[in-house]
Amino acid sequence: MRNSLLIFAACGLLAFSCGGGHNSDSSKTVFNTNEMNGITSLDPAASSSFENIEAVNQLFNGLVQTDDDLNVIPCIAHTFKISEDGLKYTFLLRNDVYFHDNEAFENGKGRKVIAKDFEMSFNRLYDSRVSSAMSLLTYVDRSEKTGYKGFVAVNDSVFEIHLKEPFSAFLNILTMKYFSVVPYEAIDKYQQDFRRNPVGTGPFKFKMWEEGAKLIMIKNENYFEKDEKGVRLPYLDAVSISFAKDKETAFMELLSGKFDMLSGVDAFNINEVLDKNGNLNSAYSKKFYLQTKSFLKTDYIGILIDENIESVKISPLRLKAVRKAINYAFDREKMIKFHMNNTGEAATAGFIPPGLRSYDPNKVKGYKYDPDKVRQLLMEAGFPDGKGLPEITLHTVDNYKEQVEFIQSQLGENNIKLKISIDKPAVLRQAVAACEYNMFRKSWVGDYADEENFMSLFYSKNFSPAGFNFTHYKNTDFDVLFEKALKENNDSVKVDLYQQMDRMLIDDAPVIPLYYAKVIRLVSHNIKGFNTNPMNLLNLKTVKKEVPLD
């Protein structure tokens, strides 16, 4: 009852009908969607989960942003430059960006954003009680050389960042929502409760959030970005995000028109909605359309190969030939078609996914199903026709049981015995980080658009549990190329370096790439201007909603 009253009150303030997104004023529009997993904070400093990022992106802006092709473009900074030595980043700020009106400000009126706001916002990320973004600040120089200030407001319009050494991925990192600007007045007023009282500069401003029920954001009438015709964005009057955990309920809300979009393969029953080729079943084509795009996410099976660990010393997985045999022993294309309705793309071109410049199937050739090579490699490893090869255990979670059972079946046909262990997600995460499992199923999502984000999983200085190198892969040549790529600002040279690294991974086989994920969205036909991007970032500032005539 309490939730219902709050939602009703919020809808009354908006003068909308929550279900249909319009009222007697037919020009008023609200975009309705659902997020099954809920959100934990509206503070950009806590935007560590996809769900939080989805909401924060509507409320906040940073210095730079990415376009739909993952190019870094200006945002609050109208221009930026990087010094020749790659150590100083200079941003010239727009003078027409204002914080949302809020009682934290004098007279409740949002003030203009200045460089000092970025200095404060970024320094705030060093507080581990506030944010988990500290690892992203490793390259920022806060030494005596910079007066212990890595972030400097030169004046109201000029903001500088100083690095210890060149880091070619840094500009892409600045597009992450962690690096949004927040006002010190709101931090001082709300303190830890800023998570529930966000004040930003984004296309929408906060109205109401009842945790576990609904989040409502309304149009920022003073937003600084405009379309190509000079019309101020956004077009929508409001955004409403529900948190229904049951996907069947959410899908029925989409069918009834109460939701305008559902996102993700877990948000609906793919066997009901899509055919085996990944196309929308005709029964639903009159209600909504299907959006798909490459997603910066690689699903894989990791293999612990550190022979300093006792369990690895006695495991057949320590042998490269066995790891390569497993890579050849199952048909990724068949798995994706019959168990995933083509909602992914077979990972047959390395670990780096489509959407990044280094992805090129002609330059990096991965594994395809080949029983002859399996037999050859098992013979090479000393296990002819699998004789003497011990059973191997693969750890996964229940969501992927059907997929790994397919892999188990095909490996069995090729004389490789695979046992499946189903773990709870938290147990799997902890055990993998602690090097307790020799084989495990995981995925990696790129949270910024640079290959470094994916190749860092195999850099030897990132061994888990301190880092994300869960396989404990160590290759000196790989490390040399990785360190070189970090300092290289020439895109074509970077592409070549990362392709070399990806080919090394294919040859050494510390992982079994399974598939590259896809952005999957079901969108109502009355939603226009809704673009997709390989980050699957929810961008609603250019969306229009056609309201049916009464």
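The values are calculated or read from the model by the stated rules, or taken from the named source; none is laboratory data. This structure is a prediction, so every number in the text was calculated from the model and none was measured. Cβ sites come from the backbone with ideal geometry, for glycine too, and all protein chains shown count toward neighbours.
Observations on the structure shown:
- All of (1) within 26 Å of the chain's Cα centre (by Cα); (2) at pLDDT 95 or above hold for ASN399 with one exception: (2).
- Breaking point among (1) more than 22 Å from PHE50 (Cα to Cα); (2) crowded, with 19+ Cβ neighbours inside 10 Å, for ALA431: (2)
- Cβ-Cβ under 8 Å pairs, at least 6 apart or on other chains, the stretch 162-184 side within 22 Å of GLU51 (Cβ to Cβ), far side part of a helix (DSSP H, G or I) and among the acidic types (Asp, Glu): VAL181/ASP117; VAL182/ASP117
- Annotation for the stretch 512-531: no member residue is of a type in the set (A, V, I, L, M), surrounded by fewer than 23 Cβ atoms within 10 Å (Cβ to Cβ), in a loop (DSSP other than H, G, I, E, B) and touching a residue at least 40 places away in the same chain (Cβ under 8 Å).
- The residue of the stretch 388-403 that is surrounded by the fewest Cβ atoms within 10 Å (Cβ to Cβ), among those that are over 26 Å from ALA517 (Cβ atoms) and in contact (Cβ under 8 Å) with a residue 24 or more places away in the chain, is GLU391.
- Per-region count, the stretch 128-153, residues farther than 14 Å from LYS164 by Cα and either in contact (Cβ under 8 Å) with a residue 24 or more places away in the chain or aliphatic (A, V, I, L, M) (or both): 7
- Where helices (runs of 4 or more DSSP H) fall entirely within the stretch 404-504, those with at least 2 residues that are of a type in the set (Phe, Trp, Tyr), out of contact with any Cys (no Cβ under 6 Å at 6 or more places or on another chain) and touching a residue at least 12 places away in the same chain (Cβ under 8 Å) are at 476-486.
- Filter result for the condition that a residue is out of contact with any Ser or Thr (no Cβ under 9 Å at 6 or more places or on another chain), of a type in the set (Val, Ile, Thr) and crowded, with 19+ Cβ neighbours inside 10 Å, over VAL374, VAL312: VAL374
- The C-beta contact set for the stretch 303-330 (first residue closer than 17 Å to TYR367 by Cα and touching a residue at least 40 places away in the same chain (Cβ under 8 Å), second residue outside any helix (DSSP H, G or I) and hydroxyl-bearing (Ser, Thr, Tyr), distance under 7 angstrom, 6+ apart or interchain) comprises ILE303/THR471; ASN327/TYR367; TYR328/TYR367; TYR328/TYR369; PHE330/TYR369.
- Residue in the stretch 332-357 that is surrounded by the fewest Cβ atoms within 10 Å (Cβ to Cβ), counting only those that are outside any loop (DSSP other than H, G, I, E, B), of a type in the set (D, E, K, R) and out of contact with any strand residue (DSSP E or B) (no Cβ under 6 Å at 6 or more places or on another chain): LYS334
- Sole exception among (1) crowded, with 20+ Cβ neighbours inside 10 Å; (2) of a type in the set (A, V, I, L, M); (3) not assigned by TED's automatic domain parsing to the domain that holds PHE50 for LEU538, by number: (3)
- For GLU165, the stated conditions do not hold, so it cannot be described as over 27 Å from GLU452 (Cα atoms) and of a type outside the set (A, V, I, L, M).
- A Cβ distance below 7 Å, combined with a sequence gap of six or more or placement on separate chains, defines the contacts here; from the stretch 211-231, residues that are under 22 Å from THR33 (Cβ atoms) reach residues that are acidic (Asp, Glu) in the pairs ILE218/ASP237; LYS219/ASP237.
- Scanning the stretch 318-331 for residues that are surrounded by fewer than 20 Cβ atoms within 10 Å (Cβ to Cβ) and hydrophobic (A, V, I, L, M, F, W, C) yields a count of 2.
- For the stretch 358-396, the candidate set comprises residues that are part of a loop (DSSP other than H, G, I, E, B) and in contact with a Leu (Cβ under 6 Å, 6 or more places away or on another chain); within that set, the residue that is farthest from VAL432 (Cα to Cα) is PHE383.
- LYS245 meets the conditions (1) charged (D, E, K, R); (2) at pLDDT 95 or above; (3) more than 15 Å from VAL56 (Cα to Cα) in every case but one. The failed one is (2).
- In the set (1) out of contact with any Phe, Trp or Tyr (no Cβ under 7 Å at 6 or more places or on another chain); (2) crowded, with 18+ Cβ neighbours inside 10 Å, the condition left unmet by ASN32 is number (1).
- Residues in the stretch 358-371 that are surrounded by 21 or more Cβ atoms within 10 Å (Cβ to Cβ) and not β-branched (Val, Ile, Thr): SER358, TYR359, TYR367.
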